[in-house]
Amino acid sequence: MQGQPGKTKVIIAGGGTAGWMTAAALGKVLGSVLDITLVESDVIGTVGVGEATIPTLLTYNQLLGIDEAMMMKAVGGTFKLGIAFENWTDVDHRYVHSFGITGRDHWTAGFQQFWGRGRAMGIAEDFGHYCLELMAGERERFAHLPNLGLNYAYHIDSSAYAAFLRKMAESHGVIRREGMIDHVSRDGETGDLTALTLTDGTVLEGDFFVDCTGFRALLLGETLGVGYEDWTHWLPCDRAIAVQTPSIGPPRPYTRSIAHGAGWRWQIPLQHRTGNGTVFCSRYMSEEEARQKLLDDIDGEPLNEPRVIRFRTGSRRQHWSRNCVGIGLSSGFIEPLESTSIHLIQRSIMRMMRMFPHGGVSTSDVAEFNAQTAYEVEHIRDFIILHYHLTNRSDTPFWRHCRTMEIPDNLCHRMKLFEETGRVFKANDELFAENSWTQVMLGQGLLPRSYHPIADVMSDEEVDRFLKHIRSNVDRTVDGLPSHADYLARFCPSTLGQID
Ligand code: FAD
């Protein structure tokens, strides 16, 4: 029996990004009333990927009081303004899904409706030209602007990020145990988890457990038997191969996602190196073929042996069961196309902390937690399916499958609504807002057949002036930004590799 008397004992199983993000947040906010232990195994290690994020991570940093420049230096980070999608709509086609908003909306109608009128008049430029984040990314410029005038996220070195959070968690009293979990014990009557036994015989007893053991899902899946909902009929990619290369040239402030015949390849620029990988469907491409293609396509010599990661896209049927919450890969996985996993980790941590049990787990909390998580994950899943399904590509069996497969009803409705009216609506608590759906649907080649009548209230001259005004504001702001590389060198030069 370990721990301090009177305090709820929390055991976090696993020390990847999920484990350490959980430990840092719990330690910082509830550390004085909880007794927190994290156990991780150096032998097993972590998944070792997960380097592109989305702007919501800024909220996590703020809640934890993380100094941004300090974090960026420690993780060799770069800023991210969006994702460039190459070869997704057609081979040799490119579009960008950026953060932020495009143009200016009216309360009755999104900017795309006014842009639609401009298109009909033959005067509108590409939709993205009216978006500050997108244009700053294209010109490889970056700076912090007042009032988050430029929306951004980060590219981070995942191991360095976990190490950074570990320091923070330990400074808030979290105890780290190194060791391999051999056995998970349950109460004979209630079925609740009671303890983890390590291979060296150490017993870690707990009142509440967080399963961050990655794809193994040792607690939630293996021990509590919570099933897994398989979504591979919608998202058939089931393998990734990751490899790192040296940086060549200044880092771009965006992630590249380059589609190939049976999936896609990522390129994530850090200050000290580039993260690369391919995501593919093993039904259409062998591991050896994918590995060779990745090595042929990357820029520069690999810094490590390419590593194969096998996965099954889907979600745990419950994310909280009994006295155990699953966070990270143990609770499900949607491929990294829109960098949503770390966001989901953060959301689960915040949700768990809002519903943290006091004097016993409430079944109503459990039901609420599971419903909220499922809703959130399904919305993200649909957004990812959109990229695969809405394509003109039919050059390989993989793309023919994606193009013709059945899709979820909700997604079908969103696409039809956009095609017929140009309208997009965001329901409460959905991650991707109107601008994201619009950018990706337009980018993937879906053009609305009509626009809202509000756009006809303007005269031709007014529409022209309106579009030009937005465009010139975007250009003027981007002109005033320094290069991304210069800004990094000034604001947060990497300290990775330096001795503390
Ligand atoms: P892991 O990193 O696998 O950690 C599991 C932990 O559990 C380890 O510490 C391990 O030692 C421990 N453990 C397991 N079993 C035992 C045991 N028996 N005893 C003791 N310890 C044990 N997300 C993003 O947001 N952006 C991205 O760009 C992105 N890219 C990705 C690319 C790929 C190919 C994949 C597969 C995932 C990607 N993700 C991305 C997801 C992201 O990597 C994960 O969400 C994140 O790393 C969290 O992983 P985790 O902590 O849940 O699991």
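Structure values in brief
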{"quantity": "Inter-label distance for Thr199 and Arg119, nm, one decimal - labels placed 7 Å from Cα along Cα-to-Cβ", "calculated": "5.8"}
{"quantity": "Under 16 Å from the Cα of Lys73 - lysines, other chains or at least 8 residues apart", "calculated": "Lys167"}
{"quantity": "Förster-model FRET efficiency, 56 Å R0, Asp296 and Glu189, C-beta, rounded to 0.05", "calculated": "0.40"}
{"quantity": "Karplus-derived HN-Hα couplings along the range 477-485 (A = 6.51, B = -1.76, C = 1.60, θ = phi - 60°), whole Hz, x at Gly and Pro", "calculated": "5, 5, 4, x, 8, x, 5, 4, 4"}
{"quantity": "Ranked packing of 367-380, 216-229, most packed first, by mean Cβ within 10 Å", "calculated": "216-229, 367-380"}
{"quantity": "Counting DSSP beta bridges with both ends in the chain, the antiparallel % (nearest 5)", "calculated": "70"}
{"quantity": "Cβ-derived FRET efficiency at R0 30 Å, Asp230 paired with Cys412, nearest 0.05", "calculated": "0.90"}
{"quantity": "Acute angle (nearest 10 degrees) that the helix 363-389 long axis makes with the longest principal axis of the chain, alpha-carbon atoms", "calculated": "40"}
{"quantity": "Hz values of 3J(HN,Hα) by residue in the range 100-110 - Karplus curve (6.51, -1.76, 1.60), Gly and Pro given as x", "calculated": "x, 10, 10, x, 9, 7, 10, 4, 7, 7, x"}
{"quantity": "Largest to smallest accessible area among Arg403, Arg490 [probe 1.4 Å]", "calculated": "Arg490, Arg403"}
{"quantity": "Relative contact order of the chain, defined on C-alpha pairs under 8 angstrom at six or more residues apart (%)", "calculated": "23"}
{"quantity": "Accessible solvent surface per residue of the chain, calculated while the other protein chains remain in place, 1.4 angstrom probe, Å²", "calculated": "42"}
{"quantity": "HN-Hα J in Hz across the range 442-450 - Karplus 6.51, -1.76, 1.60, θ = phi - 60°, x for Gly and Pro", "calculated": "5, x, 7, x, 9, 9, x, 7, 8"}
{"quantity": "Leu148 - accessible surface, heavy atoms, 1.4 Å probe, Å² rounded to 10", "calculated": "90"}
{"quantity": "Surface share of carbon and sulfur [accessible, 1.4 angstrom probe, percent] for the range 239-310", "calculated": "47"}
{"quantity": "Residues with amide H under 5 Å from that of Ile175, placed H, sequence gap 5 or more", "calculated": "Ile36, Thr37, Leu38"}
{"quantity": "Simple Cβ-charge dipole of the range 319-454, Lys/Arg +1 and Asp/Glu -1, about Cα centre, in debye nearest 20", "calculated": "100"}
{"quantity": "Euclidean distance between Cα centres, the range 413-430 to the range 202-264, Å", "calculated": "29"}
{"quantity": "With Cα atoms, 0 to 90° folded angle of helix 158-171 axis to the chain main axis", "calculated": "50"}
{"quantity": "Sequence of Met458, Met135 when ordered by accessible area, the most exposed leading, probe 1.4 angstrom", "calculated": "Met458, Met135"}
{"quantity": "Lysines with Cα under 23 Å of Lys416, excluding same-chain neighbours fewer than 8 positions away", "calculated": "Lys426"}
{"quantity": "Contact order normalised by residue count of the range 254-364, Cα under 8 Å, 6+ apart, percent", "calculated": "13"}
{"quantity": "Protein accessible area in the range 5-52, 1.4 Å probe - carbon and sulfur %", "calculated": "56"}
{"quantity": "Three principal axis lengths of the range 239-310 [C-alpha, angstrom, descending]", "calculated": "37, 23, 19"}
{"quantity": "Long-range HN-HN contacts of Tyr228 with modeled amide H, under 5 Å", "calculated": "Arg317"}
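The values are calculated or read from the model by the stated rules, or taken from the named source; none is laboratory data. If you're wondering where the values come from, they're calculated on a predicted model, not measured in any experiment. Quick reminder, even Gly has a Cβ in these numbers, built from the backbone with ideal geometry, and neighbours come from all protein chains shown. Protein only, heavy atoms only, side chains kept; ligands, DNA and RNA dropped before computing areas. Shrake-Rupley method; radii C 1.70, N 1.55, O 1.52, S 1.80 Å.
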